[in-house]
Each structure stands twice: as C-alpha cells, then as structure tokens.
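Written out below as structure tokens is the structure these notes cover.
Derivation of every value follows stated rules applied to the coordinates shown; laboratory data play no part. All values derive from a computational prediction rather than experimental measurement. For neighbour counting, all protein chains shown are included, and Cβ atoms are generated from backbone atoms with ideal geometry for every residue, glycine included.
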C-alpha cells in the first residue's frame with residue numbers, strides 16, 4: 001500500500017500492489033489521513049466479503065507515512081472489531097523493500113506526470129488508468145499482463161472465471177493489448193498545473 005500525489009494539498013491516490021501477479025489498483029482521496037485511507041479497506045471488505053477480502057489483503061506492506069500510522073484502523077474492521085489484515089512497515093528510506101510498488105508507480109507517472117494537475121480526477125479515471133496499466137505486458141511476467149496472471153492465479157477448478165470476476169468487482173477491465181494507452185491523454189481531466 002502506498003500513496004501517489006502531485007501536490008501536497010491533494011488529491012491523493014492510494015495504491016495497492018499485488019505481489020506475484022503485478023496487479024495494481026488505486027483509490028482517490030481528498031485527505032491524506034489514516035481515517036481516509038482505512039475507509040478504503042472498509043469499502044473493499046464490504047464489497048468483496050470478509051473471506052475474499054482476507055484472501056486478497058491478509059498482509060499489507062507499507063511505508064511509515066502519516067496516512068498509515070493508525071495501525072488499528074487498518075488491521076481491524078471498525079464496525080465489527082474483527083481482525084482483518086496484518087500491516088507491516090518498511091524501514092525508513094528503504095524503498096528497496098517494496099521495489100515492485102515503486103517500479104509500477106512509473107506507469108502511473110507515464111499517465112499522470114508530476115506537472116499534471118489532478119484536482120479534477122475521478123475514481124472512474126483511476127479505474128480506467130489502472131485497467132490500462134494492468135493490461136500492459138511485463139517482461140517479469142514472461143510477456144503476460146498482470147490482468148492475465150491474476151486471472152490465472154485466482155481461477156479455481158469450479159470457477160475458472162473467478163479472477164476476472166474479482167477484477168470486475170474492483171472495476172478493473174482487460175484492455176486489448178493494441179489499445180493500451182500509457183499517455184496523459186488517456187484521462188480527460190489531465191491538464192498542466
């Protein structure tokens with residue numbers, strides 16, 4: 001879990017990178033607080049159900065940013081008090097402890113460079129952006145896309161479409177390889193600061 005921003009006053013993009021498949025998803029926030037960021041986990045748990053949520057988010061590695069400091073908000077469901085996630089923190093100034101997250105953020109920067117004003121960005125924009133990023137083939141995945149690998153990893157004998165159904169519930173769609181766009185014009189709200 002990490003945060004991407006173009007301006008200290010926001011908005012902020014909370015990202016989740018799934019080790020193994022390379023899938024990345026993100027959520028827009030107006031506030032860079034633990035309460036706001038933990039609310040995303042509440043929403044994900046409600047949307048996915050507790051068991052699937054625990055399967056996908058049983059362990060979260062993050063940095064020691066102020067937005068992630070209130071551990072209990074992340075580890076426990078605030079409505080039920082039930083434990084839901086293990087949070088672990090990287091050592092300070094050790095981005096090498098989560099290199100895949102940092103490397104995948106480079107795709108975000110291709111679409112949303114630092115000089116772009118993202119004050120009008122919407123969650124639909126982010127879902128579109130992450131759909132394109134997750135549909136980009138990776139050398140580290142032997143030419144497969146994160147979308148394809150996640151679908152394969154999450155499929156079961158009883159439900160070979162399970163991975164696709166999960167990604168669909170997270171608003172991540174597969175984009176045809178020759179239609180993937182990793183440029184600022186992908187998002188209609190992008191404009192220079």
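So, in nm, how far is label residue 72 from label residue 58 when the simple model puts each one 7 Å beyond its Cα toward the Cβ? Computed distance between label sites residue 72 and residue 58 equals 2.6 nm.
Quick one: check the C-alpha center-to-center distance for the range 105-161 versus the range 47-69, whole angstrom. Rounded to whole Å, the Cα centres lie 18 Å apart. Given q = 0.19 Å⁻¹, what are the Debye log10 I(q)/I(0) values for the chain, with equal point scatterers placed on the Cα positions and solvent ignored? With one equal scatterer per Cα and no solvent, log10 I(q)/I(0) is -1.52. Say a paramagnetic label sat at a point 7 Å from the Cα of residue 165, along Cα to Cβ; which residues of the range 48-75 have their backbone N under 17 Å from it? Output list for this probe position: 48-56.
Its Cα gyration tensor gives the range 18-69 an equivalent ellipsoid; the semi-axes, largest first and in whole Å, are 19, 14, 11. Of the DSSP beta bridges with both residues in the chain, give the percent that are antiparallel, rounding to the nearest 5. Antiparallel: roughly 75 percent of the beta bridges in the chain. With the helix formula -39500 (n - 2.57) applied to DSSP H stretches of n ≥ 4, the chain reaches a computed 222 nm mean residue ellipticity of -10500 deg cm²/dmol. Fully extending the segment from residue 156 to residue 185, taken as 0.36 nm per residue of separation minus the present Cα-Cα distance, adds 6.7 nm. One chain, two ends: residue 46 and residue 178. Fully extended at 0.36 nm per residue, the span grows by 44.0 nm beyond their Cα-Cα distance.
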